[in-house]
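Below you'll find the structure, written out as structure tokens, and then a few comments.
The values are calculated or read from the model by the stated rules, or taken from the named source; none is laboratory data. Just so it is clear, the model here is predicted, and its values are computed rather than measured. Backbone-built Cβ (ideal geometry, glycine too); neighbour counts: all protein chains shown. Ligands, DNA and RNA are excluded from the accessible area calculation, which covers all protein heavy atoms including side chains. Shrake-Rupley method; radii C 1.70, N 1.55, O 1.52, S 1.80 Å.
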Protein chains: 2
Amino acid sequence: MPTPDRPLRADAARNRASLLAAAEAEFAERGLAASVADIARRAGIGKGTVFRHFPTKEDLLAAVVLDRVDGLTALARRLATVADAGAALLEFLDAAASRQQQLDLSFLRDAGDLNDRLTESRGRLFEEITVLVERAQAAGALRADITATDVILLMCAPSHVVSFVPDAPPQLWRRYLGIIFDGLRPYGASPLPQPAPDAAPDPRLDQVGILPH
Amino acid sequence: MPTPDRPLRADAARNRASLLAAAEAEFAERGLAASVADIARRAGIGKGTVFRHFPTKEDLLAAVVLDRVDGLTALARRLATVADAGAALLEFLDAAASRQQQLDLSFLRDAGDLNDRLTESRGRLFEEITVLVERAQAAGALRADITATDVILLMCAPSHVVSFVPDAPPQLWRRYLGIIFDGLRPYGASPLPQPAPDAAPDPRLDQVGILPH
DNA sequence: GCCTAACCTGACCGCACGGTCCGTTTGATT
DNA sequence: AATCAAACGGACCGTGCGGTCAGGTTAGGC
């Protein structure tokens, strides 16, 4: 990479696109256990080409995840302008869980620190969620002791819960999102036994760790 | 194994015990990625000895998990006689989450069908949880549309949620158990969008799958 | 149409894993 | 103390992985 951003050659761009698609599918099916060779085969390219585009399997994973995270950020930003703040938060959680359903990110816990750009993206997502949370609280739709960190952590739960049942109906996660969201409502909430983990958005965002170790 | 159950030789019994302890610790730290060689080293025995006791890595894992599951079953049975049925259920969930915290079982999703004995154990646990659930509902402490399957699925959630935060305080999981349990209360519950997955205890218990694929 | 840098490929390497095997050691029994 | 089946241990094997590289291929400016 002589100049930081030279336009990609046509075939290279094509390959990169199908590589990302294949990687997404393969990671979704097999998690971290997906092998680079399988991804390459699925994309119809050689294994060496994979490593030309991404020097490491982890970098490839990071690229896939980055797409997901940025997508969620964009959605959150859009939802921040919806009138009903409570409904906006619920819709965000719904979308987040739905996408996790397609690509369960929880295996990321076991992957190192991945990319730096990914850390930034996560930070942006965090900020947008903070907006949603504060608006929902101001509207009285969300209990006051919940932080953006709580939301970012809990949004992974429904798909994970469902992942234990073998032939789950495709929308089963909605059941558990419903239960959890009921737990987030101010009505009938009981005091929480533990403080939220490091909620402040500025100082140590990395604390949140969508993907840390 | 000529006779089905001959008493173990003294050294063999000792080794088996330290092997199980080492396996539990190692699986807790590294999940399915724990290697048999590491477990053997930690137990202070040779690798061959491990395979003498358990013909397969999966069998070893199954033995460790069986202990856990049976422990939970015993606890549930004890709690079934407590006067306050709502508190009993909460205490069960508390204990379950706490133990998951020490040994996150969610990696089991990616392990095959494991042992048959484990399937039986899971069935017994399921039955005991059903008792707790029905008592809690009769006492008005648990919303009526919750099944034992829901409980068994949700009891894994708090520890999983917490596993994403790097240096989590040891009791942080209680925060998320609190939120989820609030969502299970009848007070202020909103209708759930999806039916529970195959709750009936008799016909196809395997549906629940603490560990299936 | 030619030239070159960018790109692609698949054989190859080193490594770590699960599992096997057989020579050695050890606990029980007499 | 002698005996022997039971248990041990670690060198060994095959496999599949992430990652490298030398040599062939191609896009695209001229």
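Considering the range B:26-39 alone, what residues qualify as being open to solvent by less than 30 Å² (accessible area, probe 1.4 Å) and either more than 9 Å from DNA strand C (Cβ to nearest atom) or in contact (Cβ under 8 Å) with a residue 40 or more places away in the chain (or both)? Give the steps one after another, and end with the answer.
Filtering the range B:26-39 down to residues open to solvent by less than 30 Å² (accessible area, probe 1.4 Å) leaves B:26-27, B:31, B:34, B:36, B:39.
Of everything in the range B:26-39, those that are open to solvent by less than 30 Å² (accessible area, probe 1.4 Å) and either more than 9 Å from DNA strand C (Cβ to nearest atom) or in contact (Cβ under 8 Å) with a residue 40 or more places away in the chain (or both) turn out to be B:26, B:27, B:31.
The number of residues in the range B:40-56 that are surrounded by fewer than 16 Cβ atoms within 10 Å (Cβ to Cβ), of a type outside the set (Val, Ile, Thr) and more than 8 Å from DNA strand D (Cβ to nearest atom) comes to 2.
Is it the case that some residue within the range A:64-73 is of a type outside the set (Phe, Trp, Tyr) and within 12 Å of DNA strand C (Cβ to nearest atom)? Outline the logic, then answer.
Keep residues of the range A:64-73 that are of a type outside the set (Phe, Trp, Tyr), which gives A:64-73.
Now drop any that are not within 12 Å of DNA strand C (Cβ to nearest atom), which leaves none.
No; the residues of the range A:64-73 include none that is of a type outside the set (Phe, Trp, Tyr) and within 12 Å of DNA strand C (Cβ to nearest atom).
Within the range B:48-59, no residue that is more than 16 Å from residue B:34 (Cβ to Cβ) and assigned to a helix (DSSP H, G or I) sits with its Cβ atom under 9 Å from a residue that is near DNA strand C (Cβ under 8 Å from one of its atoms) and basic (Lys, Arg) at 6+ positions apart or across chains.
Apart from one condition, residue A:45 fits all of (1) within 14 Å of DNA strand C (Cβ to nearest atom); (2) assigned to a helix (DSSP H, G or I); (3) outside the structural domain of residue A:121 (by TED's automatic domain parsing); the exception is (2).
For every residue, the table says whether it meets (1) outside the structural domain of residue B:16 (by TED's automatic domain parsing); (2) open to solvent by less than 10 Å² (accessible area, probe 1.4 Å); (3) more than 18 Å from residue B:148 (Cβ to Cβ); (4) modelled with pLDDT of 80 or more.
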site: B:61; (1), (2), (3), (4): yes, yes, yes, yes
site: B:65; (1), (2), (3), (4): yes, yes, yes, yes
site: B:103; (1), (2), (3), (4): yes, yes, yes, no
site: B:113; (1), (2), (3), (4): yes, no, yes, no
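Taking residue B:16 as the residue in question, decide whether it is open to solvent by 50 Å² or more (accessible area, probe 1.4 Å) and either out of contact with any helix residue (DSSP H, G or I) (no Cβ under 9 Å at 6 or more places or on another chain) or acidic (Asp, Glu) (or both).
Numbers: open to solvent by 50 Å² or more (accessible area, probe 1.4 Å): yes; either out of contact with any helix residue (DSSP H, G or I) (no Cβ under 9 Å at 6 or more places or on another chain) or acidic (Asp, Glu) (or both): no.
For residue B:16, the condition - open to solvent by 50 Å² or more (accessible area, probe 1.4 Å) and either out of contact with any helix residue (DSSP H, G or I) (no Cβ under 9 Å at 6 or more places or on another chain) or acidic (Asp, Glu) (or both) - is not met.
When residues of the range B:129-151 are filtered for being β-branched (Val, Ile, Thr), under 13 Å from residue B:92 (Cα atoms) and open to solvent by less than 10 Å² (accessible area, probe 1.4 Å), how many remain?
Residues of the range B:129-151 β-branched (Val, Ile, Thr): B:129-131, B:133, B:146-147, B:149, B:151.
Pick out the ones that are also under 13 Å from residue B:92 (Cα atoms) and you get B:129-131, B:133, B:151.
The next check asks that each one be open to solvent by less than 10 Å² (accessible area, probe 1.4 Å); those that pass are B:129, B:133, B:151.
Of the residues in that region, 3 qualify.
Would you mind stating whether residue B:20 is assigned to a helix (DSSP H, G or I), of a type in the set (A, V, I, L, M, F, W, C) and within 16 Å of DNA strand D (Cβ to nearest atom)? Show your work before the answer.
Numbers: assigned to a helix (DSSP H, G or I): yes; of a type in the set (A, V, I, L, M, F, W, C): yes; within 16 Å of DNA strand D (Cβ to nearest atom): yes.
Considered against the rule, which asks whether it is assigned to a helix (DSSP H, G or I), of a type in the set (A, V, I, L, M, F, W, C) and within 16 Å of DNA strand D (Cβ to nearest atom), residue B:20 comes out as yes.
Per the listing B:163, B:190, the residue uniquely at the interface with chain A (Cβ under 7 Å from one of its Cβ atoms) and more than 21 Å from the chain's Cα centre (by Cα) is B:190. Checked against (1) more than 18 Å from the chain's Cα centre (by Cα); (2) open to solvent by less than 40 Å² (accessible area, probe 1.4 Å); (3) more than 7 Å from chain B (Cβ to nearest Cβ), residue A:121 passes all but condition (1).
This table checks each residue for (1) more than 15 Å from residue A:177 (Cα to Cα); (2) in contact (Cβ under 8 Å) with a residue 24 or more places away in the chain; (3) of a type outside the set (S, T, N, Q); (4) not assigned by TED's automatic domain parsing to the domain that holds residue B:128.
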residue: B:146; (1), (2), (3), (4): no, yes, yes, no
residue: B:151; (1), (2), (3), (4): no, yes, yes, no
residue: B:165; (1), (2), (3), (4): yes, no, yes, no
residue: B:193; (1), (2), (3), (4): no, no, yes, no
